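What follows is calculated from the coordinates using simple rules that are stated; it is not laboratory data. This structure is a prediction, so every number in the text was calculated from the model and none was measured. Every residue, glycine as well, gets a Cβ built from its backbone with ideal geometry; the counts of neighbours run over all protein chains shown.
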Amino acid sequence: MKTVTENELTNFLESLQVEYDVRAPIELHDGTRTLGRLSEGPLAIGGGRIHFKPTRPFFPQSETLFSSADDIKTRPAAYPNKPFFVLGMTAQDLDCLEFIDKFFAADFRDDIYFSKRTGAIIAGISGRCGDSGEFLRIAGGKCDLELIYDGSRYLVVPYSGKGRELEKRIAGDNSVRSLEQLRKESNSLPDEDLRTLKTASRLMRQQRVPDAFWQEIADRCIACSCCNYVCPTCTCFEVHDRRHNSTTERRRIWDSCQFDGFMREASGHNPMGAEMLRTRRRIHHKLVADIKRWGHITCFLCGRCDDACPTGIGMKAVCRDIVARFGPPLPDDMKKECKTRSPSDRKKGISAMHSNVIIEVLERASREDEFIVQLTELGSRALKDYNLTWEERAALVSGDIRWIENHVGKLTEPQKIWLNCRLQQEIW
């Protein structure tokens, strides 16, 4: 087993680019961390999970399935020139990847997905490299090798034959450090979220969660679809045919069960026409329906939907509310979590409109293009330093001009720049 510094790791990743399409956590010009190529920004492993769907290299937001010219010749999608080397998945992300591998292999094997997934090398990250030094759970497998940060260096732990071959090529020191203490720290991490998730699943399967609860959650949903678009286990897609000159291209793009037209039939009938039904489905699908199909819950608590949702109705938050309202008495530590973070309690605590703060955000967006980029890519997280209620954040993130003007008053044209920009974007 070897240990490496971040500089040594960067050199190793750069050497792999001849053989692999290397993707790793990088920092963009605006400070955003994403999964990208080394040419797009400096390596930025520390900081915990990236906030975007980590399975995108294998299941991108939009991709070509095939194209056809007027001469009826059909050309399949081009396969990657190099296999992927993907660094940066947490233990939860690796659980998600294992599931979507199973999903795309079931029934009819998805050749497009496996053209990218087959031969790929996966390197997980764990240890003291989370946000503000938070300890990330050690995966202990489900990848080719794992980089475990002890606070100063990364311990390289290979699990597969490919991983052991690559470890030999890393110019690090042979480690005399023991993994035992790090494993103990990993095993001692709290599991309240997992207990809450399982309890919420059981309550839903026992039909103890009424429709009125889902209507309450639906009333807060703005259908931005961030929850689906950042979720590593959301696999729904739709197919579009687009014609350009004499060629027709068939593409698949991510879809969202929060959209009104998600299940609309050609006849016009929509079995999920009510927003309450779609909101319920988002949670029910992973906590109830998938248990019947796959034998287990398909939310692995990566936390991205809770980070992304501007109105506070991500998976963890909704499950806490379900357990607090319809479940058995909770331990004191979990009662505190439910009190401070559940949707129903936050709804009761909506403060008066902070007009001056709203104006401050809008005027900053009119001056700083980079702030518009942050609002676009980070959503409500770009507003973390502003004293705003969930309702105010939701209005800003979704570009709800009518709601804002009803509460703040008539906006000037410069103050509308971000809101107009948001409404023109096609990232819903």
- Note on the structure: The answer for GluC sites (Glu not before Pro) in the stretch 2-91 that fall in a DSSP coil and have at most 15 neighbouring Cβ atoms within 10 Å is Glu19
- Note on the structure: GNM of the chain, Cα pairs under 10 angstrom: of Asp144, Asp400, Asp107, the biggest fluctuation goes to Asp107
- Message: Can you tell me which of Lys162, Lys416, Lys384 moves the most in a GNM of the chain? Springs connect C-alpha atoms under 10 Å apart.
- Response: Lys384
- Item | Cross-link table Lys116/Lys286; Lys53/Lys142; Lys82/Lys286; Lys184/Lys292; Lys142/Lys184, entries beyond 23 Å C-alpha to C-alpha | Lys116/Lys286; Lys82/Lys286; Lys184/Lys292
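Once you compute Rg and the Kirkwood Rh from C-alpha atoms, what is the Rg to Rh ratio for the chain? Kindly include the intermediate steps, with their values, before the conclusion.
On the way: Rg = 22.9 Å, Rh = 23.6 Å.
Ratio value, two decimals: 0.97.
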- Query: For the chain, what is the relative contact order in percent, using Cα pairs closer than 8 Å and at least 6 residues apart in sequence?
  - Reply: 15 percent
- In the Gaussian network model of the chain, springs joining C-alpha atoms below 10 Å, which of Asp219, Asp70, Asp111 carries the largest mean-square fluctuation? Asp70
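Tell me the trypsin sites (Lys or Arg not before Pro) within the stretch 51-125 that lie in a loop according to DSSP and have at most 16 other beta-carbon atoms within 10 Å. Before the final figure, lay out the partial values.
Values: sites: Lys73, Lys102, Arg109, Lys116, Arg117; in loops: Lys73, Arg109.
Passing both the DSSP loop test and the Cβ count: Lys73, Arg109.
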